[in-house]
Amino acid sequence: MSNSPLVAGSQPDPSSPSDVDELRARLARASAAADAAGLDALVVTPGHDLTYLCGYRALPLERLTALVIRPGSDPLMIVPELERPAAEASPVGGLRLEIRTWQETEDPCRLVAASVPTASRIAVDDRMWARTAFALRDAIPQAEWVTAGDVIADLRLRKTAVEVLALQAAGAAIDAVHAQVAGLLRPGRTEREVGGDIADLILASGHSQVDFVIVAGGENGASPHHEVSDRVLQVGDPVVVDIGGTMPSGYCSDSTRTYSIGEPSPAFLTAYAALQDAQAAAVAHARPGVTCESVDAAARNVLTEAGLGEAFVHRTGHGIGLETHEEPYIVSGNTRVLEPGMAFSIEPGFYLQGQFGARIEDIVVCAEDGVVNCNNRPRGLAIVEV
């Protein structure tokens with residue numbers, strides 16, 4: 001689970017887990033994928049797709065920066081003249097990509113058009129600003145314009161060994177934070193106070209940025225994306241703590257554990273035991289060859305049998321990498337078959353309005369005969385003595 005960033009630290013260096021050879025391999029795979037999709041060009045503007053493909057964490061400004069991938073030709077970067085030093089200082093410089101610059105009074109879309117003079121089918125990244133996409137379309141009116149989401153997502157969802165190591169490091173860092181959470185949960189403290197302490201710990205653990213902190217006590221635990229409030233924690237409260245951040249590598253962490261300040265109610269303990277079984281069942285089921293929806297069903301069936309099916313209101317998981325939420329999504333209706341290298345969360349939960357909620361979340365990576373856990377903190381209910 002995640003919401004918007006809460007605290008920003010120093011900017012991450014997304015190129016650090018990806019040396020020049022790996023980035024070259026990504027560009028080559030992207031070119032081959034574009035060719036296989038019948039594309040004459042793939043145009044990618046600042047965002048996670050650009051970071052993934054060439055390691056450049058360009059700012060999303062009104063001035064156009066674009067990576068142009070052309071099957072059969074070398075890729076090139078188009079940047080404002082004043083951004084050339086930043087582009088050259090990024091991994092783009094090490095890749096020795098051709099950089100074409102434009103001046104303030106020039107139309108950068110014409111520069112893109114000149115780089116693909118015979119293109120008839122062009123794909124743009126899914127999150128390109130609409131005004132940029134329309135301006136490019138006007139500059140190259142003969143081309144059919146499509147989104148590149150499926151092409152790029154298929155590249156990003158199969159993590160390399162380097163990326164898996166980055167995710168494991170992120171998992172270990174957020175585990176180190178969860179190891180300290182119980183000491184922060186005391187009656188009389190507010191969710192907001194605890195959340196602030198957790199944010200500090202996330203940065204201290206080695207993350208470059210805090211992406212989200214959810215501290216949901218008592219009845220607030222029934223809201224999956226509650227974040228924090230001024231509610232005062234009380235004895236007997238279950239507390240859902242879902243936290244994550246971005247590492248200097250650019251790769252994300254995301255893990256949820258549920259705590260209790262003193263002994264919770266018997267009804268909560270019974271429900272939580274079923275949740276543990278559901279999460280374990282989904283982890284045991286996940287492996288190459290099974291579908292995303294079958295992993296969701298493995299968790300959902302256990303909770304349904306326990307009478308908690310209607311209280312499990314979200315999907316079982318989401319992919320993770322340079323973004324907290326990306327492909328593949330572990331949800332009913334997704335028939336995508338899992339393959340080695342796919343990384344995703346397994347996070348069933350239950351949410352009873354006006355009472356309480358709980359969630360257990362681990363990041364796992366699909367391996368040859370199962371999954372490897374990136375999170376390894378105990379999954380049982382952590383009861384804080386009072």
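The values are calculated or read from the model by the stated rules, or taken from the named source; none is laboratory data. All of these numbers come straight from a predicted model, not from anything done at the bench. Because the Cβ atoms are built from the backbone with ideal geometry, glycine has one as well, and the counts that use them run over all protein chains shown. Ligands, DNA and RNA are excluded from the accessible area calculation, which covers all protein heavy atoms including side chains. Shrake-Rupley method; radii C 1.70, N 1.55, O 1.52, S 1.80 Å.
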Which pairs turn up if I take residues in segment 71-82 that are over 12 Å from residue 44 (Cα atoms) and touching a residue at least 24 places away in the same chain (Cβ under 8 Å) and look for partners that are of a type in the set (Lys, Arg) and open to solvent by 60 Å² or more (accessible area, probe 1.4 Å) with beta carbon separation below 7 Å, at least 6 apart in sequence or on another chain?
80/63
Scan (1) closer than 27 Å to residue 166 by Cβ; (2) open to solvent by 10 Å² or more (accessible area, probe 1.4 Å) for the single condition residue 190 breaks and write down its number.
(1)
All but one of (1) out of contact with any Gly (no Cβ under 6 Å at 6 or more places or on another chain); (2) farther than 16 Å from residue 276 by Cβ; (3) surrounded by 22 or more Cβ atoms within 10 Å (Cβ to Cβ) hold for residue 363, so report the exception by its number.
(1)
Would you tally the residues in segment 193-216 being out of contact with any helix residue (DSSP H, G or I) (no Cβ under 8 Å at 6 or more places or on another chain) and either assigned to a helix (DSSP H, G or I) or open to solvent by 40 Å² or more (accessible area, probe 1.4 Å) (or both)?
7
Test: residue in segment 261-275 that is part of a strand (DSSP E or B) and either hydroxyl-bearing (Ser, Thr, Tyr) or in contact (Cβ under 8 Å) with a residue 40 or more places away in the chain (or both)
yes
When (1) assigned to a loop (DSSP other than H, G, I, E, B); (2) over 15 Å from residue 158 (Cα atoms) are applied to residue 289, the one that fails is (2)
Of the residues 256, 270, only one is out of contact with any strand residue (DSSP E or B) (no Cβ under 8 Å at 6 or more places or on another chain) and either open to solvent by less than 10 Å² (accessible area, probe 1.4 Å) or β-branched (Val, Ile, Thr) (or both); which?
270
Looking at (1) at pLDDT below 95; (2) farther than 28 Å from residue 324 by Cβ, which one does residue 88 not meet, given that it meets all the others?
(1)
The listed residue being in a loop (DSSP other than H, G, I, E, B), in contact with a helix residue (DSSP H, G or I) (Cβ under 8 Å, 6 or more places away or on another chain) and open to solvent by less than 30 Å² (accessible area, probe 1.4 Å), out of 250, 245
250
Matching residues, segment 8-23, being buried (at least 16 other Cβ atoms within 10 Å of the Cβ) and modelled with pLDDT of 90 or more:
22, 23
Residue check for residue 174: surrounded by 22 or more Cβ atoms within 10 Å (Cβ to Cβ), touching a His at 6+ places or on another chain (Cβ under 7 Å) and outside any loop (DSSP other than H, G, I, E, B)
no
Among residues of segment 296-314 being of a type in the set (Val, Ile, Thr) and surrounded by 15 or more Cβ atoms within 10 Å (Cβ to Cβ), the residue nearest to residue 351 (Cα to Cα) is 304
Can you pull out the residues in segment 119-160 that are outside any helix (DSSP H, G or I), open to solvent by 90 Å² or more (accessible area, probe 1.4 Å) and either closer than 30 Å to residue 367 by Cβ or not charged (D, E, K, R) (or both)?
126, 129, 141, 142, 147
Within segment 27-78, of all residues that are part of a helix (DSSP H, G or I) and more than 26 Å from the chain's Cα centre (by Cα), the one surrounded by the most Cβ atoms within 10 Å (Cβ to Cβ) is 35
